[in-house]
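Read the structure below first, then the notes.
The values are calculated or read from the model by the stated rules, or taken from the named source; none is laboratory data. Owing to the predicted nature of the structure, the values given are computational and were not obtained by experimental measurement. Cβ atoms come from the backbone with ideal geometry, glycine included; neighbour counts cover every protein chain shown.
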Amino acid sequence: MSLADEVAAVHAGRPDPAALVGEFRRTHVLIPTVNDSLMSTELDGIRWLYAFTDEEALSRFALTRGGEPGAEWRYVTTSGARVLDVLIPACEGPTGVALDAGSEQGALFPPVAGIVPDSAAVDIPPSGISDAPHRGEG
């Protein structure tokens, strides 16, 4: 299935998380830029990079943000794999992806293991820190 089909399956209550992430990784997305920075927002301590499946989805988002119809928005095009494997780890703090934000068929890719590299995942403790109890102390 395509990325759009996988997202539709999630919205229909038939999610296949591995297939959804796999299709995102294989798909090229558009990431809007502002002043040479990737456009994002922050919510509850997580930065969300905006990514769009096509110019039409980006245009709809631009209109919801007060953009003029037909106004040009700058963006970069890259693979979903590059977003998850390179861009997310390079961001400061926890960062996920908001795909087709503002649309009825949007999806979130949170910064968790299995989506982003372990080094950028919020559900994996930093290297050298363990939640396991220490033995022989006390």
Exercise for review: Scan region 27-59 for residues that are of a type in the set (D, E, K, R) and either out of contact with any strand residue (DSSP E or B) (no Cβ under 9 Å at 6 or more places or on another chain) or surrounded by fewer than 16 Cβ atoms within 10 Å (Cβ to Cβ) (or both) and jot them down.
Suggested key: ASP36, GLU42, ASP44, ASP54, GLU55, GLU56
Check your understanding: Does region 34-52 contain any residue that is polar (S, T, N, Q) and touching a helix residue (DSSP H, G or I) at 6+ places or on another chain (Cβ under 7 Å)?
Key -> no
Practice item. Could you please let me know if ALA8 is among the small types (Gly, Ala, Ser), surrounded by fewer than 20 Cβ atoms within 10 Å (Cβ to Cβ) and assigned to a helix (DSSP H, G or I)? Key: yes
Point to revise | Exclusive hit being surrounded by 15 or more Cβ atoms within 10 Å (Cβ to Cβ) and modelled with pLDDT under 90, set GLY67, GLY106, GLY80 | key: GLY67
Exercise for review: Could you please give the count of residues in region 101-122 that are assigned to a loop (DSSP other than H, G, I, E, B) and either among the hydrophobic types (A, V, I, L, M, F, W, C) or closer than 16 Å to GLU42 by Cα (or both)?
Suggested key: 8
Check your understanding: Could you say which residue among THR27, THR77 is touching a His at 6+ places or on another chain (Cβ under 8 Å), farther than 15 Å from GLU104 by Cβ and either of a type outside the set (A, V, I, L, M) or free of Cβ contacts under 8 Å to residues at least 12 places away in the same chain (or both)?
Key -> THR77
Revision key, fill the gap. Picking from VAL29, VAL83, the residue that is under 13 Å from the mean Cα position of the chain (by Cα) and in a helix (DSSP H, G or I) would be VAL83
Check your understanding: Right, LEU49: within 17 Å of ILE115 (Cβ to Cβ), modelled with pLDDT of 95 or more and assigned to a helix (DSSP H, G or I) or not?
Key -> no
